[in-house]
Amino acid sequence: MNTDLYNSLTDLFNWITIPLWKWFNSTYNGPFGAPFTGSVLLGLIASTYPSQLSYHLSGIVFTSKEMTANRKWWTIPAVFLLAKLVVTYFLVFLSMRYENEVVLIFNYVIGWASPVYLLIGVLLLFISDRNIRISLITYISLVLAIFVDPKVIQLIQAFVPWIPKEPIIGWIMPFLYATAEFVPILIFSILAYGFNLDKFLFRNRHKQIIYYFYGLVLIVLAINQFFLW
């Protein structure tokens, strides 16, 4: 990772990052800390990383598309949350067994994020005017879920020392982390319901705008990943 660029961004927003990380560090100083608060904080921080943004974006696009079909679209965020929990606990399990190997594997995988994001983004721009099956977004979500930033792995590994010492706390922490990391889709679902997004998209026939937006954001994330890695 381009640590100089990452550190410069952290310094740029130090008025936010310094108080947060002081708060986080204080939560792991013995039994008098607040590990649950630290887990929520870690989840919110991880939700800003490019790989998590792309995954959440696919969830938002998926939800929008389902809303226009007048289905029980609220089940889609629930499924994405369940998937997030499964992935988080799976990564915790891998980190407990193969700590160093996990970081090396995802360091290699994330190097392919930029070209894959760019390819998918351009593809969505070209096919956005056609009748796209919802299953396409499912496949895109599965592909994007593979690209996990090693920084996210390092955050997840913060839970590992707690599991053998405090089993209940140790296993609840990943749940709080994944739920907090899921906040972007949760917020969108609430806003979409309140503003009747399904009626807007259906009446104005602007469903293709979702794919234009999705494609452009993935291209921006591809550029972001290119400079970060």
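The values are calculated or read from the model by the stated rules, or taken from the named source; none is laboratory data. This one's a predicted model, so the numbers in the text were calculated from it and none came from an experiment. Counting neighbours? That spans all protein chains shown, and the Cβs are built from the backbone with ideal geometry, glycine included.
Numbers at a glance
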quantity: Among (1) surrounded by 15 or more Cβ atoms within 10 Å (Cβ to Cβ); (2) modelled with pLDDT under 75; (3) not hydrophobic (A, V, I, L, M, F, W, C) - the single one Asn224 does not satisfy; calculated: (2)
quantity: Flag for Lys199 being at pLDDT below 80, out of contact with any helix residue (DSSP H, G or I) (no Cβ under 7 Å at 6 or more places or on another chain) and of a type in the set (Lys, Arg); calculated: yes
quantity: Residue list for segment 156-166, restricted to those being farther than 14 Å from Lys84 by Cβ and part of a helix (DSSP H, G or I); calculated: Trp162, Ile163, Pro164, Lys165
quantity: Ile169 out of contact with any helix residue (DSSP H, G or I) (no Cβ under 9 Å at 6 or more places or on another chain), at pLDDT 75 or above and assigned to a helix (DSSP H, G or I); calculated: no
quantity: From Trp112, Trp74, residue being more than 22 Å from Leu221 (Cα to Cα), more than 16 Å from the chain's Cα centre (by Cα) and either small (Gly, Ala, Ser) or at pLDDT 75 or above (or both); calculated: Trp74
